[in-house]
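Worksheet for the structure shown next.
The values are calculated or read from the model by the stated rules, or taken from the named source; none is laboratory data. Just so it is clear, the structure is predicted and the values come from calculations on it, not from any experiment. Heads up, the Cβs are rebuilt from the backbone with ideal geometry, glycines too, and the neighbour counts pull from every protein chain shown. The area values use the complete protein model at the heavy-atom level, side chains included, leaving out ligands, DNA and RNA. Shrake-Rupley method; radii C 1.70, N 1.55, O 1.52, S 1.80 Å.
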Amino acid sequence: MEVRGLKTTVVGSYPKIPDPPAPGRWRTSVEKLQRGEISPADMHRVEEEVTEEVLREQADAGVEVPTDGQIRWEDGLTYFARGLTGFTINGLQRYFDTNVYYRQPVASAEVAWRAPISAADYTFAAAHSPRPVKPVVTGPFTLAVLSRDEFYGNPDQFVMALAGALNRELRALVQAGAPLIQVDEPGLLVHRDRFPLFRRAMDALWDGITARRALYTYFGHVEGVYPAILDLPVDILGLDFVAGHRNWEILRRAPFTKELGLGILDARNTRVETPEEVAAACRKGAELVPAASLHVGPSAGLEFLPRRVARKKLEALVAGVRRAKEGAA
């Protein structure tokens with residue numbers, strides 16, 4: 001079994017808070033901003049400093065395709081909802097079945113794109129990372145199902161409006177030079193029955209996008225949408241093999257024709273996997289797709305782990321991938 005082409009990556013977020021006793025500049029600065037003690041420009045500088053830190057940590061761990069850690073994101077939805085017209089931001093809601101909360105966007109007018117939301121963040125990260133960086137965008141389906149619609153009154157129209165608006169954002173990222181763009185759609189696994197709408201939204205979202213396309217789901221398995229999900233216009237499908245452990249058996253039911261984002265590090269548990277466990281999962285993944293088509297990483301974003309744990313998990317990931325490659329040499 002050939003496993004020498006494996007690549008390491010992350011799903012998106014990374015812990016903003018440093019290990020003790022280092023000062024938590026990001027959290028302290030957020031509190032100061034809320035009290036009016038610093039300006040938004042001051043906060044922006046802190047976010048840039050923390051972004052550089054997490055880019056460095058991912059590179060030092062050996063991750064081949066990092067992200068900017070989503071340091072500027074308040075949560076998985078608000079960052080893009082604030083950047084689009086038509087949304088107001090409401091109170092806190094639980095994010096899926098996690099102990100994490102997000103401020104719920106409310107569509108109170110027509111949703112539209114007005115200017116790049118994340119392109120400047122990508123440009124900054126690309127300039128400060130020794131490795132190629134991939135930008136991450138919240139997908140239109142997930143943004144719709146976790147928001148409240150007070151304008152459209154029709155779920156299909158709401159999702160498709162968001163798909164058209166976020167297509168403009170993807171085009172801006174291509175214009176900024178992003179060779180690979182990741183879109184997050186965990187909402188699909190909660191609403192599998194709406195896959196026909198999801199498919200239409202993906203066609204509109206990726207229309208005209210010349211960068212390589214990655215679609216990531218997490219917090220569950222793809223029962224009920226596999227193998228239909230293989231028809232989506234993307235190059236890489238990222239799946240969670242921790243919360244979605246059944247994906248191992250589901251993917252054996254039909255040939256997997258995309259590149260596979262193999263989410264094997266548990267992003268919701270502080271236990272650090274061993275290199276041997278990672279290597280074994282890589283070999284198992286190489287039974288599903290050619291190793292050159294495997295992108296090995298966490299099951300979801302790492303933000304809510306202690307930073308030392310996130311770092312150790314990535315080190316174990318890289319060591320395990322190396323062990324799998326050496327075992328095949």
Quiz prompt | Matching entry among 85, 28 (being out of contact with any Pro (no Cβ under 7 Å at 6 or more places or on another chain) and either in a helix (DSSP H, G or I) or more than 26 Å from residue 216 (Cα to Cα) (or both)) | solution = 28
Quiz item: Across region 193-230, what is the total count of residues that are out of contact with any helix residue (DSSP H, G or I) (no Cβ under 7 Å at 6 or more places or on another chain), part of a helix (DSSP H, G or I) and more than 14 Å from residue 163 (Cβ to Cβ)?
Solution: 3
Exercise. Please specify each residue of region 23-42 satisfying the condition of being open to solvent by less than 80 Å² (accessible area, probe 1.4 Å) and more than 16 Å from residue 69 (Cβ to Cβ).
Key: 28, 32, 33, 36, 38, 39, 41, 42
Self-check item: Residue satisfying condition, being of a type in the set (A, V, I, L, M) and in contact (Cβ under 8 Å) with a residue 60 or more places away in the chain, within set 54, 65
Solution: 65
Quiz item: Conditions: (1) crowded, with 18+ Cβ neighbours inside 10 Å; (2) in a loop (DSSP other than H, G, I, E, B); (3) not small (Gly, Ala, Ser). Residue 158 meets all but one. Number of the miss?
Solution: (2)
Quiz item: Quick check: anything in region 69-77 under 30 Å from residue 5 (Cβ atoms) and either surrounded by fewer than 22 Cβ atoms within 10 Å (Cβ to Cβ) or at pLDDT 95 or above (or both)?
Solution: yes
Quiz item: Which pairs have Cβ atoms under 6 Å, sit 6 or more apart or on different chains, and link a residue in region 248-259 that is touching a residue at least 24 places away in the same chain (Cβ under 8 Å) to one that is hydroxyl-bearing (Ser, Thr, Tyr)?
Solution: 250/226; 259/293
Quiz prompt | Leading residue by the ranking (farthest from residue 51 (Cα to Cα)) among those in region 127-155 that are touching a Gly at 6+ places or on another chain (Cβ under 7 Å) and assigned to a helix (DSSP H, G or I) | solution = 145
Exercise. Provide a single number: the residues in region 170-186 that are over 16 Å from residue 147 (Cβ atoms) and assigned to a helix (DSSP H, G or I).
Key: 6
